[in-house]
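For reference, the structure is listed below as structure tokens.
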Amino acid sequence: MSHDHDDRPQLTAAQAAAVLSPPAGRNGGDLVVESLQGLGATTVFGLPGQHALGMFDALRRSSLSYVGLRVENNAGFAADAYGRITGEVAPLLLSTGPGALTSLAALQEAAAASAPVLAISSQIPTAGLGGGRHGYLHELRDQQASVRDIVKSVHTVRSASQIPSAVAAAWESALTAPHGPVWVEIPQDVLLAETTLPVVSAMDATPRELYPRPELTIAAAHLLSNAERPVIIAGGGVVRSDASGKLLALAEKIDAPVVTTFGGKGAFPWEHPLSLRSWLEDRHTTDFLEDADVLLVVGSGLGELSSNYHTFRPCGRVIQIEADAGKLESNHPALGIHSDAREALSDLLEAVERREDAGAAERVRTVLEKVRARIDAQDLTLEQQVLAAVREALPDAAPSFWDMTILAYWAWSAFDARRPNTMHSAQGAGGLGYGFPAAIGAAAADPTKPVLAVSGDGGAMYSIAELATARQYDLPLTWLIVDDGGYGILREYMTGAFGEATATELSRPDFVALAESFGVPAVRTTPESLAGDLSKALAAPGPSVVVLPALLRMFEPTHL
């Protein structure tokens, strides 16, 4: 069999000479950074460690921008946010053992949120691999076993010539729907060994497209076209695949109300007449969804938070579009369509027949009025005032990153994200400490926009060290810390379940003085002055901190 190479780019004489005589002094680490550059990376995150020094030394000889955080888990959160904001792969450079393991909580969040993070970890020298107990620093019997349940794919390197292929395969995996974190590991001696291999040039790692099967599109379109009460649930997959425009067009074509999950915030216009907003933790919304005769679920597995804690019992036909095959019908029987949300919505939009329902907007308005009346009956003025102040201060295009804190739980249901892909939280895996390091990743991705991070005082303590990072790189981000003296949501949960709380009260620093010790301007605010103080901080260059001492409460749940 002959192969036609005529369509491949031909090297110039100078390029050929460069290939045949690569520069001296390169090592395996250079092959890593050259591979990343060849794939289009511009920014990497991470933290150096003894076994990874070959990679970090090679950064010096590259054009890659490096953002170094102070804790590996925070570096992982920053890479996660960079991947969400840009839709591009975020490389994360890690050391071995403790360094690698410290990143795992962040990689779990990236997996839950489908963020394309490429973790490249060092390993102990090749001679120590294989499960023997050699006593190397950072040695694990099987480092990969610690990450295998979290990441999409694991790629192992044992020689220098394997590095470009492993990095390219991992890159393609990270960007194939559903996006997600991937893992490459390279032994210390391979990273340090001098190489005479040619400099890595541009590489192709184009992800596979995930299209819906046409017979499923036809079946779904028939159900929707003939439905009496269709409703759409839009999840994070709509945001990840940049399908908000397709979603809007489909909803309007068939007059279907839309509710967005907490991961799908911003996927549908908040003030649209068909918008049920995000009140998923509300029985009025749950009842409305159960009454639908056809329910289209796009980019959501209908997990715990999206199903009002598994109290949702659909009565009509469910159509589920999901890029993660493992989530298809995992909670409810459905017509399961394994596809990227954008591709499936695009095909559905062409296949459905227009249906008009003059009463749809009125039914939506009725549900929202019931929700409003339920919240108003609970004396939660302070909480709504604080959330409204944040919305007033935050520019529409500015991204926000919310830690696991009571104000964030309010925001999941009640905050108008206004634009797709601007509101992000750690609700996928639910770990503390996400907000501020994630904001660092977003600010590194686009330093032309201010970025907001929101944390409680408990979550803030997870990432206080990153004030140094924000200052070092002079990033345009503002950190709102709501200080209630403890783990507020756990205090509520325990008091509700047991009558009193245990282990939830915290000693904490003077956050204003602490921020200022890092050279970061800070202000203590009140609910009344929050909007003004936050606006001022967001408009100022560089990092800033706004501290709001306030004891916020959650609205009553409806699933118990």
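The values are calculated or read from the model by the stated rules, or taken from the named source; none is laboratory data. Predicted model only: the values in this text are computed from it and were never measured. No Cβ is skipped: glycine too gets one built from the backbone with ideal geometry, and neighbour counts run over all protein chains shown. Side chains included, ligands, DNA and RNA excluded: accessible areas come from the protein's heavy atoms. Shrake-Rupley method; radii C 1.70, N 1.55, O 1.52, S 1.80 Å.
Couple of notes before you dig in:
- Share of carbon and sulfur in the accessible heavy-atom surface of segment 410-560 [1.4 Å probe, %]: 56
- Close amide-amide hydrogen proximity is noted between ARG524 and VAL547, each under 5 Å apart and 5 or more residues distant or on a separate chain (H modeled in the peptide plane; Pro and chain starts excluded).
- TYR309 versus HIS272: modelled label distance in nm, points set 7 Å from Cα along the beta carbon direction: 3.0
- A simple spin-label model places the labels of ALA373 and THR526 3.5 nm from each other, with each point 7 Å out along Cα-to-Cβ.
- Compared with the dominant Cα axis of the chain, that is its longest principal axis, helix 381-393 is turned about 50°.
- In the chain, lysine pairs with alpha-carbon atoms under 29 angstrom apart (chain gap of 8 or more, or interchain): 14
- Split the accessible area of segment 94-204 by element, probe 1.4 Å, and carbon with sulfur accounts for 52%.
- Folded to 0 to 90 degrees: helix 72-86 orientation relative to the chain principal axis, Cα: 70
- DSSP beta bridges in the chain [antiparallel fraction, %, rounded to 5]: 5
- Protein accessible area in segment 334-405, 1.4 Å probe - carbon and sulfur %: 46
- Based on protein heavy atoms only, the chain ends up with 40 Å² per residue of surface accessible to a 1.4 Å probe.
- Principal-axis tilt of helix 488-498 within the chain, Cα atoms, nearest 10 degrees: 60
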